[in-house]
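Let me begin by presenting the structure, written as structure tokens, before commenting on it.
Each reported figure results from applying straightforward, stated rules to the coordinates on display, with no laboratory input. Keep in mind it's a predicted model, so treat the numbers as computed, not measured. For neighbour counting, all protein chains shown are included, and Cβ atoms are generated from backbone atoms with ideal geometry for every residue, glycine included.
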Amino acid sequence: MDLPRPKNTSNESQPNTTKKTEYNLESQTTKSRKKENQDIFCVNGSVPELLEFVKDYSESKISSQTYTTVNKNWFFIYSNSCILNSLFFLFGDGWKCTINYYNGHTENIYNKETSLLALNVLNILDLTVIVAGAPEWRLEFCQKMIETIESIFSLNPKLSFLDTNNTTIPTNEYPIIRNPLKQYENQISLQEFSNLIQDEFCEPFIIKNATNHWPAFSKNNSWNNLEYLCSAVGYYRLVPIEIGNNYTESTWSQKLVYFSEYLEDCILSKSNNKTSYLAQHNLFKQSRKLSNDFNIPDYCYTDAKCFERCKNKFNSCCGNVEDVIINAWIGPKNTVTPLHYDTFHNLFCQVAGYKYVKLLSHKFSSQVYPYDPSTMLSNTSQVDAEFPNLEKHSEFCSLPFLECILSPGDLLYIPPKYWHYLRSLSVSTSISMWF
């Protein structure tokens, strides 16, 4: 997997990528053969080369299948190879630097080559989380390792953005809402929420001002402030972003970038011609500080049928056997999630900025022009839900729908298999919680 190259800085303590390191991570396979449908390898190389080979091979096994069909052992193997690789640096080539740091001697730590090696290790640990999820004890281990490396090698410099708060929009730019969702102006009881979502004819609804008490809305930890977000996540932390108007387009792609570069080049830059979106990514596994800025609402634990089945490791009524699945959505104005459905209950939390949402009942699934069931886009519509083609998708245009504009502090509940489309009206940060 290709890694981004950090921008050059004038600070000597920062990694310098203009000089190649002699630390070669390319594996050298001397022999491979097939026997009884299994891959058997004879590999020569140094310890880091062998670990890199294991990492690359297990990644190929993970990426060649859909996430749910991958043998879980490959996630363990990939994570272990990344962790061992990072340990080899800290207690191998980086041992002298580490000992000096803990003995209070920091004058020899900030040479360019060791800083570059430290950045490579930081990237590898991030990949452990991004590619394999760092299962079980590995997540906490990676988090502590990353915090230590950032501290030793000063890999989280503070940024000063000229424009850190552009999440507001003029009222006259709001789309006209013709069929509004039902709204509750204040939080409702758990019993009322449970009764609503277990109703056979449940429709989406909004709970206003439901999360304003979160630290993410406080002055010091405000997610409106991009400087704070960059500090909380980390300057050189890798994140996966989507490039293109939406994932149904043939030109759509994905890329790994440093979080600071994403904020500067994709959100704040006025000259960026391609839409980029940090979408459906559990950023909170990479940032313990950010995960402390919000709470999972108790509403996510009200569907007793689902969670009783989860405890027994059976598929729940909506397919979720992983407790609450949390993802971040951070992007500039006009990022779009095309009309689609999820199989889970979805509690969508708007933290910063504004989003337009359009929703249609699963009763109309056959009339929203979904992609072929045999494809990976079978849960996605071919229609531009906000600006449909009247000639090409005439049947869709007559369907009843609901819509809303999400504001900071709003919770939107979307029932399983309910079709929904979202477009950001400003720079926007949201959290989805599937349960």
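Once backbone amide H atoms are built at 1.01 Å from N, residue 339 has 381, 385 as its partners under 5 Å, excluding neighbours fewer than 5 places away on the same chain. Based on Cα contacts under 8 Å between residues 6+ apart, the range 171-434 shows a relative contact order of 26 percent.
Rounded to the nearest 0.05, what FRET efficiency do residue 243 and residue 194 have when you use their Cβ-Cβ distance and R0 = 30 Å? Intermediate results must be reported in sequence, preceding the final value.
Working: r = 40 Å, r/R0 = 1.34.
The calculated FRET efficiency here is 0.15.
Let a ≥ b ≥ c be the square roots of the eigenvalues of the Cα gyration tensor of the range 171-434; is it rounded (a/c under 1.5), or, if not, prolate (a/b larger than b/c) or oblate? Rounded. For the residue pairs 255/333; 72/363; 72/355; 72/255, the alpha carbons lie more than 27 Å apart in 72/363; 72/355. Considering only 272, 260, 244, the residue lying farthest towards the positive end of the dipole of the range 171-434 is 260, judged by Cα position with unit charges set on Cβ.
Report the Rg/Rh value for the range 189-280, based on alpha-carbon coordinates and the Kirkwood definition of Rh.
Working: Rg = 18.2 Å, Rh = 16.4 Å.
Ratio value, two decimals: 1.11.
Residue separation of residue 44 and residue 296 scaled by 0.36 nm, minus their Cα-Cα distance, works out to 85.9 nm of gained length. Rounded to whole numbers, the Karplus 3J(HN,Hα) couplings from phi for the range 263-274 are 5, 6, 8, 10, 9, 8, 5, 8, 9, 6, 8, 9 Hz, using 6.51 cos²θ - 1.76 cosθ + 1.60 with θ = phi - 60°, and x at Gly and Pro.
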